[in-house]
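**Student:** So that we are looking at the same thing, I have put the structure below in structure tokens.
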Amino acid sequence: MKKRHTTLTTLDSIPSDQPVLIAGPTASGKSALAHRIVSEGGGVIVNADALQVYDGWRVLTARPSVEEEAALPHALYGHVPFEAEYSVGAWLRDLKPILDRPQRPVIVGGTGLYFRALTEGLAEIPPVPQAVRAEADAMDAQSLLSELDRVDPVLAGRIDRANRARVQRGWEVWRATGKPLSAWQDKTDPPLVPRAQARALLLDADRDWLADRIAHRFDQMLAQGALDEARANLDRWDSAGGARKAIGAPELIAHLQGRMTLDEAREAAIIASRQYAKRQRTWFRARMGDWEKIRLP
């Protein structure tokens, strides 16, 4: 299939009742595009970034500003407590009532799993207890594979048998639930927004251009108070849930704890952001081949 490309200046008009999905690596300008689309055609901007859901991190996760949120409808930003964990299943549950409203959704973010679950459906699998994970960790790879062949031969035939993480995940789910992972997967709920019903846009950023953007944006974050934001969260850092995964947070906290200079923290955070962007780009290339690509810059 021939890849489709367009540019921001030649982006076709999008019907005001058509859902829009906007994905792309960190710092690529997704939020600005969502703002433009809603400003011109109406709708509500819905967050699909697993880090922007947490309270306590507005500057560091590049959440829309207070002024931006006041100017246009926004949803699912900063609504999860700092100390909590949050899953793709929880995001889908929070999203569903928003989709039932009359405003068309413009769903924007960089978390590929969110978009995959949104457009393909999600198998709701109970969490694996830590004791079961520890049991699996203690097993050698061959034993795990032999056990998976016994308890879930369907899954064993689907996956890369040399990938220990995949094999172990299958065994853990069976051990924790008494039900094969393949059976859970086959019960996947229908997607909330099928890919064919939405305008799906993928920002396709040049690597070097994006690397410069990432460095410039982190310097902007520091200028806008990211270090003060980290200082405000310092006392509850040890109890942080998924919020501790915010890019740049561990580095700024380490600086405030006296374990890094600010220059060292800045450099480490920029490197972490670039590595994150690389992982995002790899995911998008592998999973979003049928999305409409927008060339950047």
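The values are calculated or read from the model by the stated rules, or taken from the named source; none is laboratory data. Quick caveat, the model's predicted, so the values are computed rather than measured. Using ideal geometry, Cβ is built from the backbone for each residue, glycine included, and neighbour counts are taken over all protein chains shown. We work out accessible area using only protein heavy atoms, side chains counted, and drop any ligands, DNA or RNA first. Shrake-Rupley method; radii C 1.70, N 1.55, O 1.52, S 1.80 Å.
**Student:** Determine whether Gln220 is of a type in the set (S, T, N, Q) and surrounded by 15 or more Cβ atoms within 10 Å (Cβ to Cβ).
**Tutor:** no
**Student:** Please work out if Arg101 is assigned to a loop (DSSP other than H, G, I, E, B), under 28 Å from Asp204 (Cβ atoms), of a type in the set (Lys, Arg) and open to solvent by 30 Å² or more (accessible area, probe 1.4 Å).
**Tutor:** No; evaluated as a whole, the condition is false for this residue.
**Student:** I need the full set of residues from segment 242-278 which are assigned to a helix (DSSP H, G or I) and hydroxyl-bearing (Ser, Thr, Tyr), in order please.
**Tutor:** Ser273, Tyr276
**Student:** Still on this structure: So how many residues does segment 17-50 have that are of a type in the set (S, T, N, Q) and within 17 Å of the chain's Cα centre (by Cα)?
**Tutor:** 4
**Student:** Moving on. Of all residues in segment 279-297, how many are touching a residue at least 40 places away in the same chain (Cβ under 8 Å) and either outside any strand (DSSP E or B) or closer than 15 Å to Met221 by Cβ (or both)?
**Tutor:** Looking only at that region, the number is 10.
**Student:** Right, here's the next one. For segment 154-185, what are the residues that are of a type in the set (Asp, Glu) and touching a residue at least 12 places away in the same chain (Cβ under 8 Å)?
**Tutor:** Glu172
**Student:** Would you mention how many residues in segment 122-138 are open to solvent by less than 40 Å² (accessible area, probe 1.4 Å) and at pLDDT 95 or above?
**Tutor:** 2
**Student:** Report, ordered by the first and then the second residue, all pairs with beta carbons closer than 8 Å, sequence separation of six or more or different chains, a first member in segment 242-271 that is more than 22 Å from Trp91 (Cβ to Cβ), and a second member that is modelled with pLDDT under 95 and in a helix (DSSP H, G or I).
**Tutor:** none
**Student:** Identify, please: which residue in segment 51-86 is within 17 Å of the chain's Cα centre (by Cα) and of a type in the set (Ser, Thr, Tyr) and is, among those, farthest from Asp219 (Cα to Cα)?
**Tutor:** Tyr86
**Student:** Search segment 200-212 for residues being at pLDDT 95 or above and in contact with a helix residue (DSSP H, G or I) (Cβ under 9 Å, 6 or more places away or on another chain), and hand back the single one that is most open to solvent (accessible area, probe 1.4 Å).
**Tutor:** Only one residue tops the list, namely Ala211.
**Student:** Let me ask something additional. Can you tell me which residue within segment 238-275, out of those that are touching a Pro at 6+ places or on another chain (Cβ under 9 Å) and not aliphatic (A, V, I, L, M), is least open to solvent (accessible area, probe 1.4 Å)?
**Tutor:** Gly241
**Student:** List, please: which pairs have Cβ atoms under 7 Å, are six or more places apart or on different chains, and start with a residue in segment 115-128 that is farther than 22 Å from Trp174 by Cβ and end with one that is assigned to a helix (DSSP H, G or I) and among the acidic types (Asp, Glu)?
**Tutor:** That search, which allows pairs on different chains as well, returns nothing.
**Student:** Have a look at Glu68, Glu40 and point out the one that is modelled with pLDDT under 95 and either touching a helix residue (DSSP H, G or I) at 6+ places or on another chain (Cβ under 6 Å) or not aliphatic (A, V, I, L, M) (or both).
**Tutor:** Details: Glu68 fails: modelled with pLDDT under 95.
When all the criteria are applied, what remains is Glu40.
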